[in-house]
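In what follows, a single structure is set out as structure tokens and then discussed.
What follows is calculated from the coordinates using simple rules that are stated; it is not laboratory data. Please read all numbers here as calculations on a predicted model, not as lab measurements. When we count neighbours, we look across all protein chains shown, and the Cβ atoms used for this are built from the backbone with ideal geometry, even at glycine.
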Amino acid sequence: MGSIIEVEQLQKSFGALEVLKEITFEVNPGEVIAVIGPSGSGKSTMLRSLIHLEEVNGGTIRIHGKPLVEKGGYAEKHQIRELTASMGMVFQHFNLFPHLTVRGNLELAPRTLNRGSDEAIRARSLELLAKVGLADKADSYPSMLSGGQKQRVAIARALMLQPEILLFDEPTSALDPELTGEVLRVIRQLAEENMTMLIVTHEMAFARDVADRIFFMDRGEIAESGTPEEIFGSPQTERTRAFIGQD
Ligand code: ADP
Ligand code: MG
């Protein structure tokens with residue numbers, strides 16, 4: 001089986017600022033990749049480009065071999081919609097719909113996209129809420145939840161369409177330290193279930209522990225990639241060493 005995501009020479013600028021400098025990588029089925037690197041290095045832009053929240057200026061993104069964008073040229077609208085629906089994204093600030101209940105947040109996309117009967121969608125939302133430990137919050141509104149609970153709802157919501165891959169953009173950065181553990185536990189459980197994931201994180205211990213590979217991003221490039229042992233144990237570039245605090 002081929003890669004879930006293939007990215008070749010991805011290039012993105014905001015005006016004169018080149019934010020992604022011909023990035024190339026692939027994500028294989030079941031892989032967990034942690035993306036680390038300083039603020040402003042292009043991590044969020046890279047993730048957002050994968051689900052077409054940003055349009056790139058050049059390069060190729062293929063999802064399961066199908067081009068979302070090929071050498072800078074985007075696919076037809078219906079193909080873009082189909083490919084982006086096969087990826088789930090979890091944001092730093094949860095991005096829940098405040099006017100919908102927890103269950104409403106989970107059920108909106110599958111209902112809009114006609115993915116099954118009302119009963120099947122409802123059964124799946126309750127099953128996923130139970131999986132993240134929030135079965136009793138189905139009828140609550142986001143404003144009634146803690147940050148950690150909100151983020152677990154966001155993860156359950158991202159799983160509703162049975163994605164091929166989950167993308168996380170600093171899922172614990174907006175949380176009080178005592179709430180990060182409950183979110184990391186859910187992500188760890190997904191890793192054990194062989195969910196394919198690309199996780200931007202500042203939680204170095206977590207990245208080291210849960211990831212199969214680490215990408216160190218710096219100034220719009222993947223400056224170094226390797227196993228956690230390689231990146232944390234014997235970083236090859238000065239930039240990586242400086243970032244992870246080794247000499
Ligand atoms: P990271 O997630 O690694 O902190 P980002 O991808 O958010 O980095 O940002 C990379 C660079 O692109 C930063 O210099 C940032 O200011 C800039 N940038 C991000 N989004 C925009 C935007 N919509 N317009 C202009 N510049 C942006
Ligand atoms: Mg970011």
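Observations on the model:
- Evaluation of Arg157 against (1) away from ligand 1 (no atom under 16 Å from the Cβ); (2) more than 24 Å from Ile63 (Cβ to Cβ) (one fails), failing number: (2)
- Yes/no for Ser173 being under 14 Å from the mean Cα position of the chain (by Cα) and of a type in the set (Ser, Thr, Tyr): yes
- Enumeration of residues in the stretch 61-81 that are touching a residue at least 24 places away in the same chain (Cβ under 8 Å) and closer than 19 Å to Thr196 by Cβ: Ile61, Arg62, Ile63, His64, Gly65
- Test: residue in the stretch 228-241 that is part of a helix (DSSP H, G or I), under 14 Å from the mean Cα position of the chain (by Cα) and surrounded by fewer than 21 Cβ atoms within 10 Å (Cβ to Cβ): no
- Against the conditions (1) within 16 Å of ligand 1 (Cβ to nearest atom); (2) surrounded by 22 or more Cβ atoms within 10 Å (Cβ to Cβ); (3) touching a residue at least 60 places away in the same chain (Cβ under 8 Å), Ser173 satisfies every one except (2).
- Scan of the stretch 11-42 for residues that are more than 25 Å from Met204 (Cα to Cα) and more than 16 Å from ligand 2 (Cβ to nearest atom), ordered by number: Gln11, Ser13, Gly15, Ala16, Glu18, Glu22
- Arg188 vs. criteria over 29 Å from Ala16 (Cα atoms), in a helix (DSSP H, G or I) and basic (Lys, Arg): yes
- When Ala158 is tested against the conditions (1) in contact with a helix residue (DSSP H, G or I) (Cβ under 7 Å, 6 or more places away or on another chain); (2) touching a residue at least 24 places away in the same chain (Cβ under 8 Å); (3) part of a helix (DSSP H, G or I), the lone failure is (1).
- Residues located in the stretch 213-227, provided they are more than 19 Å from Val19 (Cβ to Cβ) and either among the small types (Gly, Ala, Ser) or surrounded by fewer than 21 Cβ atoms within 10 Å (Cβ to Cβ) (or both): Arg213, Gly226, Thr227
- Among the residues of the stretch 164-179, those identified as more than 16 Å from ligand 2 (Cβ to nearest atom) and either of a type in the set (Phe, Trp, Tyr) or in a loop (DSSP other than H, G, I, E, B) (or both) are Glu164, Asp176.
- Verdict on Thr201 being among the polar types (S, T, N, Q), over 15 Å from the mean Cα position of the chain (by Cα) and more than 24 Å from Leu83 (Cβ to Cβ): no
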